[in-house]
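Some notes on the structure that comes next.
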Amino acid sequence: MADPKNYRPKTSEIPTDPGVYRFRDDHGRVIYVGKAKNLRNRLSSYFQDPAKLHPRTHQMVFSASSVQWTVVGTEVEALTLEYAWIKEFNPRFNVMYKDDKSYPYLAISMGEDIPRMHIIRGARKKGTRYFGPYSQVWAIRDTVDQLQRVFPIRTCSAGVLRRAQRQGRPCLLGYIERCCAPCVERVSLAEHRQLAEQLCEFMSGRVGPYLRDKQREMKAAARELDFERAARLRDDIAALEKVLERNAVVLDDGTDADVFALVSDELESAVQVFHVRGGRIRGVRAWVVERPGDSTDADLMERLLQQVYAEVAEHDHTVRRKNKAVSVDDVEHTPTSAIPTEVLVSVLPADLDVVTQWLSQRRGAKVNIRVPQRGQKRALMETVATNAEHALKLHKSRRVGDLTQRSAALTELAEYLDLDDAPLRIECFDISHTQGTHQVASMVVFEDGAPRKSDYRHFTIRGGTPQAPLDDTAAMAEVLDRRFSRLLAEEARIAGMDEDGVAYASGPIDESTGRPRRFSYRPDLVVVDGGLPQVNAAVKVLDSIGVDIPVIGLAKRLEEVWLPEDEFPVIFPRTSPGLYLLQHLRDESHRFAISHHRKKRGKAMTRSVLDAIPGLGPARQQALLKHFGSVKKLKAASKDELTAVPGVGSALADTIWTHLHPTSAE
């Protein structure tokens, strides 16, 4: 591993101009590419005290053996050159967004004498118009099936076309009237091309006038008593409307926009983009990438826009270079071949002005990048963000559901944490509160690397007061003491009272079911949310009650794993199955604690309305809520209905009604 001091350039040698820099390893391979407004300031930051560097940056500068830079005229030029080098060298320390699959497109080969409609993936060809991408191939096949009723253009391959021309007989689609059979001259080549052009216009979003023309033709045919033609037109309209249902209008103003939502955790980021053309969703794409620890969401969004629209520019340039005479109309304005007028993002890119200028130059007109604040666009952004969240959860759940990954994760935990055996049962504890109020804790259980939700438990923190609540460390100590004291009691067959004040029988086995009681399983590993102080406090509690179970802590910011009394944390590889398992465990514990905290806080807020009524104690509050079901129904009750509750007389009913209806009382 190289020492950065050996290749650090003199500060005076580094220019202060905008530019792009490259770090290379011992073999001359480029391992990182970056851009900067001021090269001197940016490069100097890599050669500061190594202890202050982020672990990923630390690894990068110690893996490199040299650094080079190129000065450019503007920040926009730096952005362009940076992406070109990232694409060329594929540096391992740069973030690259990659599709999880190759998306299918609907292609219409307008460059052929007899245009063909077909489904395609991969490389593009000149003279062909593309519509999509579609997320599922079955969706595009269904779309083609519906479109062929109205636009019966050729879908056969070149070989089938030549055979039909040679034999003078159409294929099966020609016989069942799903193709107008230009191969045997049922229609002229000009009429067939006109059909293909109408299909391109329809798929480009110009659907209103076409549907209105069809409806007028249908009504005219009905007036002329040509009911067979009217019925065919009616079915054609229904088929087109079915296609349009899959591309529902999301923006009434017919806007062309790309909507990007980014959702991140400490290890990974999920990106979802909806491509909206003419107000309709024309395509959806998604990425899940490893998140560099020193990158913000703004940095990731900038990288995403840079890569997506650089690919757009490359595609358009390739089409025009292959066919210098090609017109603009030959390149369909789809999500991968055009830059829209508006780019909606969940978080603004780091260098907003530079990215906006760069996109505007490529489009040849102004591009607006913004975060939507209200209306349909805000609602659409929330939908895209929800899809990104689901994509990230699905990605993580698939990793957890993979038996091979789970086995590797447990084996890795045993190795890194120096355990005798793989931890088959892991319990994770987390504390949740609002500025010290309504403190609760959660216990989440994973067995064989997967959640065991039947063993999840909630705890209400009993120590402290509203004026002086327990801190998180003391609250964690209380929860661990209660959980493992109960474990020892059940193992020793000692009867007692649970945390809800309910008596339980002695022994770890429930005699009525023959199954172990809910706290009778002894975990192989205990995980607490926090760093070294929380771990040491947890170990102190377990030692005091005589429980010998390994304890670790997972610090959220840098995903560091802490062992008791160790001065330095255990650093797992960022892509390790063991770290993914610990993170999933910690996130699940946090989610479970938050959900219970919100429920408890909501009940407290409900009760607070009744607490302000003089003469109404807890017992009568509970009786009122039990009788009416909610404060809302209680407010709607009359005084006579209030007196029907046991313990509520006419005087108290008057007080309650007056307090709940201050305006009416005045």
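The values are calculated or read from the model by the stated rules, or taken from the named source; none is laboratory data. Small disclaimer: the values here were computed from a predicted structure and weren't measured. Note that each Cβ is placed from the backbone with ideal geometry, even for glycine, and that neighbours are counted across all protein chains shown. Areas reflect the complete protein model, heavy atoms only, side chains present, ligands, DNA and RNA absent. Shrake-Rupley method; radii C 1.70, N 1.55, O 1.52, S 1.80 Å.
At R0 = 45 Å, how high is the FRET efficiency between H118 and D213 if r is their beta carbon distance? Nearest 0.05 is fine.
0.95
Using θ = phi - 60° and the Karplus form 6.51 cos²θ - 1.76 cosθ + 1.60, what ³J(HN,Hα) does each residue of region 109-116 get, whole Hz, x for Gly and Pro?
In residue order, the calculated couplings are 7, 5, x, 8, 5, 10, x, 10 Hz.
Net charge around V72, counting only other residues with Cβ within less than 13 Å of its Cβ (Lys, Arg = +1; Asp, Glu = -1)? Provide the component values of the computation, followed by the final result.
Values: positive: K35, K37; negative: D17, E75, E77, E82.
Residues close to V72 contribute a combined charge of -2.
Provide the net charge surrounding S650, with neighbours chosen by a C-beta distance below 13 Å and charges set as Lys +1, Arg +1, Asp -1, Glu -1.
That works out to -2.
Which cross-chain or sequence-distant (5 or more) residues have an amide H under 5 Å from the amide H of D17, H modelled 1.01 Å from N in plane?
Those qualifying (amide H under 5 Å, at least 5 residues apart or on another chain) are L39, R40.
Largest first, how would D529, D654 line up by accessible area (1.4 Å probe)?
Solvent-accessible surface, decreasing: D654, D529.
If each of K626 and T460 carries a label point 7 Å out from its Cα toward its Cβ, how far apart are those two points in nm?
About 1.6 nm separates the two model spin labels.
Any idea how far apart D235 and L419 come out in nm if each label point goes 7 Å out from Cα toward Cβ?
For the pair D235/L419, the computed spacing is 6.5 nm.
Return the inverse of the average 1/r over all pairs of distinct C-alpha atoms in region 1-72, which is the Kirkwood hydrodynamic radius, in Å to one decimal.
Answer for region 1-72: a Kirkwood hydrodynamic radius of 12.2 Å.
Which pairs in the list K10/K37; K5/K52; K125/K366 are over 21 Å apart, alpha-carbon to alpha-carbon?
On the way: K10/K37 19 Å; K5/K52 15 Å; K125/K366 29 Å.
Violating the 21 Å limit, Cα to Cα: K125/K366.
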